[in-house]
Each structure stands twice: as structure tokens, then as C-alpha cells.
Amino acid sequence: MAVVLIFFAVFAAVALGGWIIYALTHPVAAGQGILIFLCKAAGVIALVTAVVSWLGQSLLHAFVPALFMVAFFFAANRLERRWRRW
């Protein structure tokens, strides 16, 4: 178990280091990419919340998280169309 955690920690450190180097050399593209990533991540979190609310309570309770999901994915789509290359 400890080996797996060490592997994940090293993987995350290398990925973060690579992103920092990319952000220093291409600051605009890195900022655009991280903004799109955060919109998609928030959309996935809202999707999971909507599904859990739907299964745990009712479809009516899942309506608000589903609206947030649609809004986040719509924003990510708009950003991707605006910035062709990120």
C-alpha cells in the first residue's frame, strides 16, 4: 500500500513540475488550459452530485446540481471554442 502511495505522490510531483515549467514558458496557454480544466472538473463534480441526489432522494432534488453541470460544461465548451489551441 505504501508503495502505491509513494508512486502516486511522485507522479503528482512530476506532473506538477511539468505544468509549472509549461506555465513559465507559455503563461497564457497554461492559464487558458487550467481554466477549461477547472470548468470540466466542476461539471463532473456537479454530475456526481446530481446522480447521488437523484438516487438518494428524488429527481426534483437533482435538478439544481444538473443545472450547474450544464452551466459548467457549457462554459468549458465556450472557452474551448474561443481558444482554439490551448
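A 1.4 Å probe run over the protein chains yields, for segment 35-86, 77 Å² of accessible area per residue, whole-number rounding. 3J(HN,Hα) couplings calculated from phi for segment 21-28 with the Karplus curve 6.51 cos²θ - 1.76 cosθ + 1.60 (θ = phi - 60°) are, in sequence order, 5, 5, 5, 6, 8, 9, x, 5 Hz; Gly and Pro show x.
Of all alpha-carbon pairs in segment 1-85, indicate the percentage at a distance above 14 angstrom.
Working: 2568 of 3570 pairs.
Distances greater than 14 Å cover 72 percent of the Cα pairs.
Between exposed trypsin sites (Lys or Arg not before Pro) in the chain, where DSSP calls loop and at most 10 other Cβ atoms lie within 10 Å, what's the longest gap? Before the final figure, lay out each step's value.
On the way: sites that count: ARG84, ARG85.
No qualifying site falls inside 1-83, the longest such stretch.
Tell me the carbon and sulfur percent of the accessible area for the chain, rounded to whole percent, probe radius 1.4 Å. Solvent-exposed carbon and sulfur of the chain make up 80 percent of the total.
The values are calculated or read from the model by the stated rules, or taken from the named source; none is laboratory data. The structure displayed is predicted, hence computed values, not measured ones. Virtual Cβ from ideal backbone geometry, glycine too; neighbours counted across all protein chains shown. Areas reflect the complete protein model, heavy atoms only, side chains present, ligands, DNA and RNA absent. Shrake-Rupley method; radii C 1.70, N 1.55, O 1.52, S 1.80 Å.
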